[in-house]
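Structure, as structure tokens:
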Amino acid sequence: MSIKNPKSLIEAYFSWPFILIFIIVLANIILAFTLPHAAFILSPFIAIYIAAAAYIYLTRRTKLHAALQAYAMGASDVHSELFNEMPTPYCMVDEKGNVLWGNRRFEEIVRNDRAAAANIMQMFPNIHEDMFLRDDVTLEIHSDYQGRKYLVDLIRTKVTTEDGSMPSLYDPEMKTIAVYLRDETEETQLRFALDREHIVIGLIYIDNYEEVLEQTEEVRRSLLTALIDRKINRYISAVSGLTRKIEKDKYFFILKEQFLSKMLDDRFSIMEEVKQVNIGNELAVTISIGLGYGAETYAQNYEYARTSMDMALGRGGDQAVVKSNENITYFGGKAQTQEKTTRVKARVKAQAFKELLESRDRVIIMGHANSDVDCLGASVGVYRMATTLGKRAYIVENTITSTILPLKERFLQNDDYPEDMFITGSQAVQMVDNNTVLVVVDCNRPSIIDEPELLKVCKTIVVFDHHRQASESIQNAVLSYCEPYASSACEMIAEMMQYIGDGIKVKGPEADAMYGGIVIDTQEFTNQTGVRTFEAAAYLRRCGADITRIRKVFRENFKDYQAKASAISSAEIYRNAYAFSTIESKGLESPTVVCAQTANELLNIRGIKASIVLTLYNDIIYVSARSIDEMNVQVLMEKLGGGGHRTIAGAQFREGSIPEAMDSVKAAIDEMIKEGEVS
């Protein structure tokens, strides 16, 4: 914006008081030499005049600036009329937010609000003074005023003469900002209404359909199915949704996004309603729900729903998973995972794995970091299957914990096994080629595997795991066998070994390691064991697993035993049902193992629903959580960034202290109790 004739009469008019002060002071000095008494009388009046002129100039600078701005705006009648009649509300403000000038549309908005008419920060409280100090930046700010929503643009401007210089009466330090207002109330309302009209796509699967029907009298089976159909249809209809049965145990439904909040608020009560269906069936019916929304297309929402359902089933069923383009949310998961009596899936996966190995030359086997007995046992089981098929196999282990060392030594000091049976992660990365298969066992989370780089360089990845899936999982596996009902990864591998081929011979050290993995993960066959668990153990016993030898391997050293006893004696009982304790890691070979063992022991206390034990090791706080059947500790640990099983889970804190971590766990327990996720 340019001002013409900077040396105008108005500038001279504003300058003459200061020129006059100079003349009066000079005259008074001359008068002092001729008539001292007259000069003395005149001096107070001169001082009053100078003070008044200075006060007016200093305190009225903003209004002077506004007057000049108005003068500049009115320099051209055409330009002035254009600004005044512009349909967009527009004003000029200084660096303090004071409104210097506003067009008619702006004046109409602030007509009855003197504070807003005087200062733009009074009009929009989320505009701050520091925003006016930024150079060469256009800011877009969304704000509200008198029930309307505005997009406020702040643009730095400069008032100059035609030759580009600053007019003499303008303060060079004063900043002038142009403010444009765009009313976006209707646009926001339409956008909100459109979002509420978006479609949510969902799937409902009955988890244990076949098992429940087997326990129900044949004449009542149709009634059972009808009752389940009725409850599901009523629940979806209550939120103005549409549902269709696509298979005998599968349902498809759609609803508007505005009704999704109702389902979230009641935490998918249909899961509990279906469990109440009882016409003589001893086994309660459980369902899994997968929802997808927030995508640009219906097809993508359906893919979200399918992914959600895979997550729900992978985590053991009896839960709802909601996936959008931003996050994944879990609900439910209270029921104990039911073991499948059929081995069809194990046989199918074993055959698929065999066909995959036949087209490859090299197999690299890897588990999670800080390998445990189950991880080692599953690894040597896959090693035996691969070598039986004539493939060269390697097991990746970057660290050797004291827990697995006695079992691992039986392979290292045995002529039946090559010296390079166990390799480091860096060695494995160097030998990867297009004919290499990476088999990940006892883990499905990329962040905790032993060598993450292998996931990037290997094109063919296979996953065998028994943990419930979390939001983070290995996505690019060509073959994935994850069964949360299984007691251990060793149980799954033992079943597959019986179908991988004829004449497979499991050696004694391998049978011991796999049997030991089952013993440890089931806490000596007392946790999450089923018929198939004992069948797998019996198979390994037939292969030469020695119970006495395994028991000797698992004996504890004296320091570990003392540390565990000390932690148990100093345990704190929270809310009369949750046992908390800590382990001092100093002097212990495997503090995390002792931590887990202590959590197991604390469950033997009557009335304890869950036990949580923490230890600080290598600047990381490890948390072990255990329960029997009254609390889903996996959900508890997931709230803290961890995961695991329904009854066995853990998490890690890389920042903070143990007391802070313990407070976080307690807060998560309080949240679960408030949300009704604890039995």
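In this structure, is ILE648 in contact (Cβ under 8 Å) with a residue 60 or more places away in the chain and within 17 Å of VAL594 (Cβ to Cβ)? So ILE648 passes the test. Exactly one residue among HIS79, HIS65 is modelled with pLDDT under 60, within 30 Å of TYR145 (Cβ to Cβ) and surrounded by 11 or more Cβ atoms within 10 Å (Cβ to Cβ), and that residue is HIS79. Return the total of residues in the stretch 212-237 being surrounded by fewer than 16 Cβ atoms within 10 Å (Cβ to Cβ) and over 19 Å from LEU291 (Cα atoms). Selection size over the stretch 212-237: 11.
The residue list VAL665, VAL633 contains one member that is of a type outside the set (Lys, Arg) and in contact (Cβ under 8 Å) with a residue 24 or more places away in the chain, which is VAL665. Only one of the numbered conditions (1) of a type outside the set (D, E, K, R); (2) modelled with pLDDT of 85 or more; (3) touching a Leu at 6+ places or on another chain (Cβ under 7 Å) is not met by ILE204, and that is (3).
Checking each residue of the stretch 468-476 against the condition of being within 23 Å of ARG362 (Cα to Cα) and buried (at least 22 other Cβ atoms within 10 Å of the Cβ) gives no match.
For every residue, the table says whether it meets (1) touching a strand residue (DSSP E or B) at 6+ places or on another chain (Cβ under 9 Å); (2) surrounded by 15 or more Cβ atoms within 10 Å (Cβ to Cβ).
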site	(1), (2)
HIS645	no, yes
ALA651	yes, yes
GLY656	yes, no
GLU660	yes, no
VAL678	yes, yes
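Yes/no matrix, rows are residues, columns are (1) hydrophobic (A, V, I, L, M, F, W, C); (2) assigned by TED's automatic domain parsing to the domain that holds VAL373; (3) surrounded by 23 or more Cβ atoms within 10 Å (Cβ to Cβ); (4) under 35 Å from the mean Cα position of the chain (by Cα):
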position: GLN498; (1), (2), (3), (4): no, yes, no, no
position: PRO509; (1), (2), (3), (4): no, yes, no, no
position: TYR515; (1), (2), (3), (4): no, yes, yes, no
position: THR522; (1), (2), (3), (4): no, yes, no, yes
position: ASN527; (1), (2), (3), (4): no, yes, no, yes
position: VAL531; (1), (2), (3), (4): yes, yes, no, no
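The listed residues are SER269, SER240, SER222, and the only one of them that is without any contact (Cβ under 8 Å) to a residue 24 or more places away in the chain, under 30 Å from LEU194 (Cβ atoms) and of a type outside the set (Lys, Arg) turns out to be SER240. When each of ILE404, ILE365, ILE400, ILE395 is tested for being farther than 27 Å from VAL478 by Cα and crowded, with 22+ Cβ neighbours inside 10 Å, the lone residue that passes is ILE404. Being at pLDDT 90 or above, assigned by TED's automatic domain parsing to the domain that holds LEU407 and not hydroxyl-bearing (Ser, Thr, Tyr) holds for only one residue in ALA538, ALA486, and it is ALA538. Among the residues of the stretch 424-474, those that are without any contact (Cβ under 8 Å) to a residue 40 or more places away in the chain, over 29 Å from GLN528 (Cβ atoms) and more than 25 Å from the chain's Cα centre (by Cα) comprise THR424, SER426, GLN427, VAL429, GLN430, ASN434, VAL457, LYS459. From the list GLU589, GLU601, the one residue that fits, being without any contact (Cβ under 8 Å) to a residue 40 or more places away in the chain and of a type in the set (Asp, Glu), is GLU601. The residues on offer are TYR298, TYR293, and the sole one that is among the hydroxyl-bearing types (Ser, Thr, Tyr) and more than 21 Å from the chain's Cα centre (by Cα) is TYR298.
Residue-by-condition table, conditions (1) touching a Cys at 6+ places or on another chain (Cβ under 7 Å); (2) within 19 Å of GLU675 (Cα to Cα); (3) not β-branched (Val, Ile, Thr):
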site	(1), (2), (3)
ASP249	no, no, yes
PHE259	no, no, yes
SER269	no, yes, yes
GLU272	no, yes, yes
ILE287	no, no, no
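Scanning the stretch 406-420 for residues that are in contact with a helix residue (DSSP H, G or I) (Cβ under 6 Å, 6 or more places away or on another chain) and aliphatic (A, V, I, L, M) gives a single hit, LEU407. Is the stretch 182-196 home to any residue that is touching an Asp or Glu at 6+ places or on another chain (Cβ under 8 Å), at pLDDT below 85 and among the polar types (S, T, N, Q)? No, every residue in the stretch 182-196 fails to be touching an Asp or Glu at 6+ places or on another chain (Cβ under 8 Å), at pLDDT below 85 and among the polar types (S, T, N, Q). Each residue in the stretch 193-210 was checked for being free of Cβ contacts under 8 Å to residues at least 40 places away in the same chain and surrounded by 11 or more Cβ atoms within 10 Å (Cβ to Cβ), and 1 of them qualify. Could you tell me whether TYR481 is at pLDDT 90 or above, within 31 Å of the chain's Cα centre (by Cα) and assigned to a strand (DSSP E or B)? Yes, satisfied.
The condition (being within 34 Å of the chain's Cα centre (by Cα), surrounded by 14 or more Cβ atoms within 10 Å (Cβ to Cβ), modelled with pLDDT of 90 or more and part of a helix (DSSP H, G or I)) is satisfied by just one residue among LEU614, LEU636: LEU636. Taking the stretch 238-338 and the helices (runs of 4 or more DSSP H) fully enclosed by it, the elements with 2 or more residues that are crowded, with 17+ Cβ neighbours inside 10 Å and at pLDDT below 90 are at 298-314.
This table checks each residue for (1) of a type in the set (S, T, N, Q); (2) outside the structural domain of LEU588 (by TED's automatic domain parsing); (3) in contact with an Asp or Glu (Cβ under 6 Å, 6 or more places away or on another chain).
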| residue | (1), (2), (3) |
| --- | --- |
| ASN398 | yes, yes, yes |
| LEU405 | no, yes, no |
| LYS408 | no, yes, no |
| LEU412 | no, yes, no |
| PRO418 | no, yes, no |
| ILE423 | no, yes, no |
| VAL429 | no, yes, yes |
| ASP433 | no, yes, no |
| THR436 | yes, yes, no |
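In the set (1) touching a residue at least 40 places away in the same chain (Cβ under 8 Å); (2) part of a loop (DSSP other than H, G, I, E, B), the condition left unmet by GLY390 is number (1).
Among the residues of the stretch 571-584, those that are touching a residue at least 12 places away in the same chain (Cβ under 8 Å) and touching a Ser or Thr at 6+ places or on another chain (Cβ under 9 Å) comprise ALA571, TYR578, ALA579, PHE580, SER581, THR582, ILE583, GLU584.
The values are calculated or read from the model by the stated rules, or taken from the named source; none is laboratory data. From a predicted model like this one, the values you see are computed outputs, not experimental measurements. As a convention, Cβ positions derive from the backbone with ideal geometry for all residues, glycine included, and neighbour counts pool all protein chains shown.
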